[in-house]
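Written out below as C-alpha cells is the structure these notes cover.
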Amino acid sequence: MLSARHETGLVLFPAFDWAIEATHPEREERLLYTRDQICEEGLLDLEGVREYRPEPVSVADVQRVHFCPSGVETVAGESHRIAAGGALRLARAWHAGDIERGFCAINNEAIMIEALRQQHDIRRVAIIDTDCHHGDGTQDIYWHDPDVLFISIHQDGRTLYPGTGFMDEQGGPNAVGTTVNIPLPPRTSDAGYLEIVRDTVLPILEDFEPELVINSAGQDNHFADPLTDMDFSARGYAELTRLLAPDLAVLEGGYSIESALPYINMGILLAMTGLESDHVVEPYRRPSGGVQPEEITEAVRRIGTRTRAVWAKREQRQAQLHAVSDECAQRTREIYYDTIDAFEQQHEAVRLCRHCGGALRIATRIGDGPQTLAVHVPLYACDDCRRAALRWFEQAPDEGFAAAFLQDRPADRYLIR
C-alpha cells in the first residue's frame, strides 16, 4: 500500500456562511472542489495522511493578536473562529508529534502562531507568504517582532492590490530585516519563483534558524487566476513546497476555483507527504507554454541580488536606527476600510530597545470618532519595556483617550479601561 513519507495532517473546512455572492470566487465551492479532487485521487486513503476537524478558537486566542475595540464577536463570527481553529488544531498536532507536517485550507496564521508561542515555548518562527498579493496584514502584526521572520513573495505592488510590499519595507527599528519583501514582475513563471526560493529565501531561512516554518500558501500566482498576472503552475507550487519544506501550510488566496485550485492543492499536499507530483496536470494549457521571457528572468535575478544584500546589512541598519536620542521611534499612518467607507488615523510609537521588540502604543481614531489607545507588551519583553507599556495604559484616561486596550503578552491577558 502506498504511504506518505511524512506523517501529514489535513484540515479542509469550507466556511459555511462565507459567500460574497453565488458566482464570486469567495464562496463555499472554493474548497469543496478541492476536497472532491483530493478524494477522487485517493489522497485521504494514504497511510500516514490524517484529516482533522477544527474547533473554534477562543476570544483570548484572538485577543493575543488583534485589538478589537467593538468586541471580538463583532468582527469574528463563528466561521472565522472555526477557520482559525483549524490552523491551530494542526499546529497542536504538529507540536505533539502526531504529524510531521500540516496543510490547512484556511487562514489565520497569526492566531495559530501566538497560541503556540504562548503555550509551548516556541520563540523563533518563519512565515513565507507566497500569495500573489502582498501580505500586508501579517507584515503589520509582526513589524516590530525580531523573533518572527516574515518573507512575502508577491506580484509587484505597482501592478496589484494592495499596492504595498516594496523592498524598503524591512520591519520596525527593533526588528530591522525580519520583514523581507520580494516583489516579482508580472508574468514571472515557475523558473523565476523557484530561483528566488533556492537562491534567496532558503539561505535567509538558514541564517534565521527558525523553530517553526509556515507557508502562507496563497495560490493566486497560477496562470489561470482571474485576479492576478503571474504564470505559475500546479507542479511549480508542488516544487516550491518541496523546497520550503514547511511544517505547516495554510491556504490563502486563489480564485480559479475549478481549473486551478484543486490541482494546486493536490500538488501541495503531495509535496507535504513527500510523494511525487509529476503527474499533476491542470485541465488547461497556459498561453506562455511555461517559457519565462528573458527580461523577466533578468529582473528576478536583480531582485534576488538586492534582497540578499539587504538581508546581509540588517544589523548595520538597526544600529543606525538606534543611534538617535529619542526614546521612541514614531510613525503615522492612514488606513482605508472599504467595508465601512472610513479612514483610520494611527499614530504609533515603539520604544527603542536592544533586548526585545519594544513596548508599542498606537493612538487611533476612525473618522471623527473618539481617540482610542492600544498598548502592546511583547511576549519576550524586557522589564523596562513592560513597565513603560503599563505606564502608558494607566495614564490613558489622563491623556484624554476615550478607551484604552492592553495586550500584555507575558501575562497572557487583555485589559480594557
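The values are calculated or read from the model by the stated rules, or taken from the named source; none is laboratory data. Since the model is a prediction, treat every value here as computed from it, not as a measurement. Heads up, the Cβs are rebuilt from the backbone with ideal geometry, glycines too, and the neighbour counts pull from every protein chain shown. The accessibility values were calculated without ligands, DNA or RNA, using every heavy atom of the protein model including side chains. Shrake-Rupley method; radii C 1.70, N 1.55, O 1.52, S 1.80 Å.
How large is Rg/Rh for the stretch 77-205, to two decimals, with Cα atoms and a Kirkwood Rh?
A ratio of 0.98.
Accessible area per residue of the stretch 75-174 at 1.4 Å probe, in Å²?
Heavy-atom SASA per residue in the stretch 75-174 reads 32 Å².
Give the residue from GLY400, ILE38, LEU205 lying farthest towards the positive end of the charge dipole for the chain; charges sit on Cβ (+1 for Lys and Arg, -1 for Asp and Glu) and the dipole is referred to the Cα centre.
It is GLY400.
Can you put THR241, THR332 in order of accessible area, largest first, using a 1.4 Å probe?
Descending order: THR332, THR241.
Can you compute the FRET efficiency between GLN395 and SER79 using 1/(1 + (r/R0)^6), with r the Cβ-Cβ distance and R0 = 51 Å? Round to the nearest 0.05.
Calculated transfer efficiency: 0.85.
Could you give the dipole magnitude of the stretch 290-350 about its Cα centre, charging the beta-carbon of Lys and Arg +1 and that of Asp and Glu -1, in debye to the nearest 20?
On the way: 9 positive and 11 negative charges, 116 e Å.
So the dipole magnitude of the stretch 290-350 works out to roughly 560 debye.
Based on the Cα coordinates of the stretch 265-407, what is the per residue volume of their convex hull in Å³?
On the way: hull volume 35.7 nm³, N = 143.
Output value, Cα hull per residue: 249 Å³.
What is the P(r) of the stretch 182-225, as percent of Cα-Cα pairs per 5 Å bin from 0?
5, 16, 25, 27, 15, 9, 3, 0
Need one value: the accessible area of ARG50 in square angstrom, 1.4 angstrom probe, rounded to the nearest 10.
Only protein atoms counted, so the area is about 110 Å².
Among TYR336, TYR161, TYR237, TYR33, what's the order by accessible area (1.4 angstrom probe), most exposed first?
Largest accessible area first, the list is TYR161, TYR336, TYR33, TYR237.
State, to one decimal in nm, how far the label point of ASP36 lies from the label point of ARG123, with both points 7 Å from Cα in the Cβ direction.
It works out to 4.9 nm between the two label points.
Net charge within 11 Å of ASP229 by Cβ-Cβ distance, Lys/Arg positive one each and Asp/Glu negative one each, not counting ASP229 itself?
Working: positive: ARG187; negative: ASP156, ASP220, ASP225, ASP231.
Summing Lys/Arg as +1 and Asp/Glu as -1 gives -3.
How much of the DSSP bridge set in the chain is antiparallel, in percent, rounded to the nearest 5?
Antiparallel bridges make up about 40 percent of those DSSP assigns within the chain.
What's the magnitude of the charge dipole for the chain around its Cα centre, counting Lys and Arg as +1 and Asp and Glu as -1 at the beta-carbon? Answer in Debye, nearest 20.
So the magnitude is around 1120 debye.
Run the paramagnetic zone check for GLU294: 7 angstrom along Cα to Cβ, then residues of the stretch 178-204 with backbone nitrogen under 18 Å.
188-189, 191-192
Relative contact order for the stretch 350-411: what is it in percent, counting Cα pairs under 8 Å that are at least 6 residues apart?
For the stretch 350-411, the relative contact order is 35 percent.
Rolling a 1.4 angstrom probe over the protein heavy atoms, how many square angstrom per residue are accessible across the stretch 238-383?
About 52 Å² of surface per residue is accessible.
In the chain, carbon and sulfur make up what percent of the accessible area (probe 1.4 Å)? Spell out each step's value before the answer.
On the way: 8780 of 18500 Å².
Accessible surface attributable to carbon and sulfur in the chain totals 47 percent.
Using alpha-carbon pairs under 8 Å, 6+ residues apart, how would you state the relative contact order of the stretch 134-246 in percent?
Values: 160 pairs, mean separation 26.1, N = 113.
Once divided by the residue count of the stretch 134-246, the mean separation gives 23 percent.
Starting from the Cα of GLN330, step 7 Å along the direction of its Cβ; do the same at ALA309; then give the gap between the two resulting points in nm.
About 3.4 nm, to one decimal.
Take the Cα radius of gyration of the stretch 129-257 and divide it by 2.2 N^0.38 Å, with N its residue count; two decimals is plenty.
Normalised Rg, Cα atoms only: 0.98.
Quick check on the stretch 188-284: take the gyration tensor over C-alpha atoms, sort the square-rooted eigenvalues as a ≥ b ≥ c, and tell me if it's rounded (a/c under 1.5), prolate or oblate.
The shape class here is prolate.
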